[in-house]
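Report on the structure given below.
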Amino acid sequence: MVHRATDLETLFRDTFFERHHTVLEGGFEEPVYLAGEPARIRYTRDYFRSALHEVAHWCVAGPRRRRLDDYGYWYAPDGRDAAAQAEFLRVEVRPQALEALFCAACNHPFRVSLDNLDGDPGDEARFAADVQALAERLHRDGPPPRARLWLDALTRFYKV
């Protein structure tokens, strides 16, 4: 099965543009969400997983946060100390749990990302367990509405 990020861009537009005026765009050095008309979810280069991850962040963000660039969140770059990494991992559980579901919906491998190559990585095993537990709960109980729409679109497209 071929996994092209450009397919995700088209699928995202078809699924969400009319209601949410948001597009998914690749080809960038760093991912970022830009509020505006239309809003832009920018992912890294042509990386399929980056696109899925950034859509997961969008699915987590509520209406107020979607009116702010990068959803109004702080982002400490690679090289975070243990305290900053612990906070980063705390807020990453939900988007990475959704990303895990998105990967499963298109039969693409998933692995948690600690995103801190030059700093304290944190407890990967605990983080992976937290992400898996939440992904299982979301799968069982149902994800938020936008994530549900995206999962349905991915499942139809990839016929998983």
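The values are calculated or read from the model by the stated rules, or taken from the named source; none is laboratory data. Just so we're clear, the structure is a prediction, and the values are computed from it rather than from any experiment. We place every Cβ from the backbone using ideal geometry, glycine too, and count neighbours over all the protein chains shown.
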- [ ] Scan segment 74-94 and report the pairs whose first residue is under 15 Å from A61 (Cα atoms) and whose second residue is modelled with pLDDT of 85 or more and acidic (D, E), with Cβ atoms within less than 8 Å and a gap of 6+ or a chain change.
- [x] V93/D130
Task: Where P143 falls short, out of the listed (1) modelled with pLDDT of 95 or more; (2) assigned to a helix (DSSP H, G or I); (3) not small (G, A, S) - done: (2)
Task: Count of residues meeting criterion [touching a strand residue (DSSP E or B) at 6+ places or on another chain (Cβ under 8 Å), surrounded by fewer than 21 Cβ atoms within 10 Å (Cβ to Cβ) and either more than 26 Å from D120 (Cβ to Cβ) or not aromatic (F, W, Y) (or both)] in segment 29-49 - done: 12
Open item on the list: Could you check segment 87-116 and list, in sequence order, the residues that are in a helix (DSSP H, G or I) and touching a helix residue (DSSP H, G or I) at 6+ places or on another chain (Cβ under 6 Å)?
Closed with: L89, V93, R94, P95, Q96, A97, L98, E99, A100, L101, F102, A105
- [ ] Residues being crowded, with 20+ Cβ neighbours inside 10 Å and not small (G, A, S): count how many of those fall in segment 1-10.
- [x] 1
Task: Residue among A129, A76 that is surrounded by fewer than 19 Cβ atoms within 10 Å (Cβ to Cβ) and assigned to a helix (DSSP H, G or I) - done: A129
